[in-house]
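Reviewing the structure listed below.
Rule-based calculations on the coordinates, nothing more; no lab input. Because the structure is a prediction, the values reported are computed rather than measured. Backbone-built Cβ (ideal geometry, glycine too); neighbour counts: all protein chains shown.
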Amino acid sequence: MNFLLRLLTWWNGQSIGTQIFTWRHGILVGEDTEGNKFYENKDGTRRWVCYNGEPEASRVDPTWHGWLHGTFGSTPLKDPFLRKKWEKSHQENLTGTLSAYAPGGSLKNAKLAIRKDYEAWQPELD
């Protein structure tokens with residue numbers, strides 16, 4: 001069943017085409033804390049990631065993101081990215097999940113109890 005899912009869909013891990021391309025041309029350069037694996041081709045002109053689980057781009061750490069897009073020449077394993085003490089640790093995009101941010105006054109934070117400070121308008125019947 002897993003083989004069919006991977007053959008017919010791209011959201012259940014890397015596709016068969018990506019796996020074959022990675023097997024033939026990819027050189028593993030590292031793995032992040034999420035378990036995502038990062039590859040590049042032999043001449044270093046192409047870089048890609050094979051996600052561990054759901055392919056969600058916001059799960060890639062900023063240091064690896066910089067390497068993927070060519071901002072940094074070497075991987076975070078060879079040249080560690082120095083973080084400031086005030087920087088928060090990386091967190092994936094939580095939009096659409098139960099942990100998503102909801103500001104005060106949001107319907108997500110609204111209590112289901114009846115409000116006593118509001119009286120609904122009723123039209124006058126003639």
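Given points 7 Å out from each Cα along the Cα-Cβ axis, report the residue 101 to residue 81 separation in nanometres with one decimal.
With each label point 7 Å from Cα toward Cβ, the separation is 1.9 nm.
Across segment 88-98, in residue order, what do the Karplus-derived ³J(HN,Hα) couplings come to in whole Hz, using 6.51 cos²θ - 1.76 cosθ + 1.60 with θ = phi - 60° and x for Gly and Pro?
Rounded to whole hertz, the list is 7, 6, 5, 9, 5, 5, 9, 4, x, 10, 5.
Would you tally the net charge around residue 89, using a Cβ to Cβ cut-off of less than 15 Å, leaving residue 89 out, and scoring K and R as +1, D and E as -1? Each step should come with its number before you reach the end.
Numbers: positive: 59, 83, 84, 85, 88; negative: 32, 34, 61, 87, 92.
Surrounding charge for residue 89 is 0.
How large is ³J(HN,Hα), in whole Hz, for each residue of segment 75-83 in order, when computed from phi with the Karplus curve 6.51 cos²θ - 1.76 cosθ + 1.60 and θ = phi - 60°, using x for Gly and Pro?
Each residue of segment 75-83 in turn: 6, x, 6, 7, 10, x, 7, 7, 9 Hz.
HN-Hα J couplings of segment 53-69 from phi, Karplus 6.51/-1.76/1.60, θ = phi - 60°, integer Hz, Gly and Pro as x?
Rounded to whole hertz, the list is x, 4, x, 10, 4, 6, 7, 7, 4, x, 5, 6, 4, x, 5, 4, 8.
As a footprinting exposure proxy, order 38, 81 by other Cβ within 10 Å, with the fewest listed first. Each step should come with its number before you reach the end.
Numbers: 38 22, 81 12.
By the 10 Å Cβ count, ascending, the order reads 81, 38.
Can you check what the net charge comes to around residue 60, using other residues whose Cβ is under 10 Å from the Cβ of residue 60 (Lys, Arg +1; Asp, Glu -1)?
-4
In terms of modelled amide H atoms, which long-range or inter-chain residues lie less than 5 Å from the amide H of residue 29?
Placed amide hydrogens put 38, 39, 40 under 5 Å from residue 29.
Given the Cα-Cα distance of residue 116 and residue 52 and 0.36 nm per residue of separation, how much length would full extension add, in nm?
18.1 nm
Return the long-range amide H neighbours of residue 72 (sequence gap of 5 or more, or a different chain), with a cut-off of under 5 Å between placed amide H atoms.
67
Provide the net charge surrounding residue 76, with neighbours chosen by a C-beta distance below 14 Å and charges set as Lys +1, Arg +1, Asp -1, Glu -1.
After counting each charged neighbour, the total is -2.
Say a paramagnetic label sat at a point 7 Å from the Cα of residue 31, along Cα to Cβ; which residues of segment 50-72 have their backbone N under 11 Å from it?
Of the residues in segment 50-72, 52 have backbone N under 11 Å from the label point off residue 31.
Could you check the simple spin-label distance between residue 15 and residue 69, using points 7 Å along Cα→Cβ, in nm with one decimal?
That separation, rounded to one decimal, is 2.4 nm.
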